[in-house]
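Structure first, commentary second.
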Amino acid sequence: MLQLLGLQLFTGVALGAIYVLMAVGLSLIFGMLTVVNFAHGAFFMVGAYVGYLLYQYVPNFWICLVAVPVLTGLIGIVVERYLVRPLYGRGIDYPLLLTFGLGYVMVEVIRIIFGKQGLPVSTPEALQGAVDVFVGPFPLYRLFVIGVAVVVLLILWLFIERTSFGLIIRAGARDPMIVRVLGVDISRVWLVVFAIGTGIAGLAGYLSAPMQGIAPEMGTNVLIVAFVVTVVGGMGSLTGAIVAGLLIGIVESLAAFMYPEASKVSMFIIMALVLLVRPMGLFGRAGLMS
């Protein structure tokens, strides 16, 4: 029994790693741009399909692992520059409605190109099999997903906390007007932040593909979870996104083991409890990486 619980705990951490990557990208965009990106789940899905398509021409998992977030981020750059940017200053509703509709458009485009049926994605040969994690054998690929999430978060933290551009991002999240007064092109900062957020979402989609396959609707459910994680952790807080993502992933996994009927409801119960105690979320909105 303890062994099974331990394995479920590791499964929850792996699941939480995907949730963390999604929520971090969502929180990064909201914290800097104050844009509720309803197309975030679509970027998750696009990342999975971009990786699938790229692999047909360059059958190397590691090259695709690097290329997918870059390509998805480039798509994010086009979206921010030509669709989202003209709506800045018009209120939070306008970009929200735009990204909501954009998400549907992106899903339909994928359906037209790849069809409505899902596609299986095999686990890379080098990451197949299982390893002993003290409580029993655990899939190597899921451990790899956890490791990638840790590396991405570490790089993101170093970028935001230890670089001059990161300093501008943190300052812009608190007071963009002052940043403008100091002569910084804040629109360029917004562009980079949106690209990073969507690139991380695309990476999460690519990493999740071998675990669940790919389908045009795959971003819908994970978008709901990402919003729940963001609300629980605190809108705009990257630290909150990390803590809440792991918490919800672990709770969902343990609930699926002990009471499967409640596995999908468990995250909403957590959200309700947190909001009753802390309406602003676990870490509020004190700023990026707070």
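The values are calculated or read from the model by the stated rules, or taken from the named source; none is laboratory data. Predicted, not measured: the structure shown is a model, and the values here were computed from it. Here the Cβ is made from the backbone with ideal geometry for all residues, glycine too, and neighbour counts use every protein chain on show. SASA here: full protein model, heavy atoms, side chains in, ligands and nucleic acids out. Shrake-Rupley method; radii C 1.70, N 1.55, O 1.52, S 1.80 Å.
Worth a mention:
- Filter result (assigned to a helix (DSSP H, G or I) and farther than 17 Å from residue 209 by Cα) within the range 112-140: 112, 113
- Of all residues in the range 172-186 being touching a helix residue (DSSP H, G or I) at 6+ places or on another chain (Cβ under 7 Å) and touching a residue at least 12 places away in the same chain (Cβ under 8 Å), the one that is nearest to residue 81 (Cα to Cα): 186
- Filter result for residue 5 (touching a residue at least 24 places away in the same chain (Cβ under 8 Å), open to solvent by 10 Å² or more (accessible area, probe 1.4 Å), closer than 14 Å to residue 201 by Cβ and over 15 Å from the mean Cα position of the chain (by Cα)): no
- The range 138-155 - residue that is within 21 Å of residue 30 (Cβ to Cβ) and in contact with a helix residue (DSSP H, G or I) (Cβ under 7 Å, 6 or more places away or on another chain) and, of those, surrounded by the fewest Cβ atoms within 10 Å (Cβ to Cβ): 153
- Qualifying residue in the range 33-49 (condition: open to solvent by 20 Å² or more (accessible area, probe 1.4 Å), in a helix (DSSP H, G or I) and in contact (Cβ under 8 Å) with a residue 12 or more places away in the chain): no
- Considering 224, 269, 248, 242, the condition of being within 18 Å of the chain's Cα centre (by Cα), surrounded by fewer than 18 Cβ atoms within 10 Å (Cβ to Cβ) and either in a helix (DSSP H, G or I) or acidic (Asp, Glu) (or both) is satisfied by 224 alone.
- Looking across 66, 58, one residue alone is free of Cβ contacts under 8 Å to residues at least 12 places away in the same chain and open to solvent by 60 Å² or more (accessible area, probe 1.4 Å). It is 66.
- Filter pass, residue 230 being touching a residue at least 60 places away in the same chain (Cβ under 8 Å), surrounded by 20 or more Cβ atoms within 10 Å (Cβ to Cβ) and either in contact with a Lys or Arg (Cβ under 8 Å, 6 or more places away or on another chain) or of a type in the set (S, T, N, Q) (or both): yes
Each row is one residue, and each column tells you yes or no for (1) without any contact (Cβ under 8 Å) to a residue 40 or more places away in the chain; (2) over 30 Å from residue 192 (Cα atoms).
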{"residue": "73", "(1), (2)": "no, no"}
{"residue": "82", "(1), (2)": "yes, no"}
{"residue": "90", "(1), (2)": "yes, no"}
{"residue": "98", "(1), (2)": "yes, no"}
{"residue": "107", "(1), (2)": "no, no"}
{"residue": "115", "(1), (2)": "yes, yes"}
{"residue": "129", "(1), (2)": "yes, yes"}
{"residue": "132", "(1), (2)": "yes, yes"}
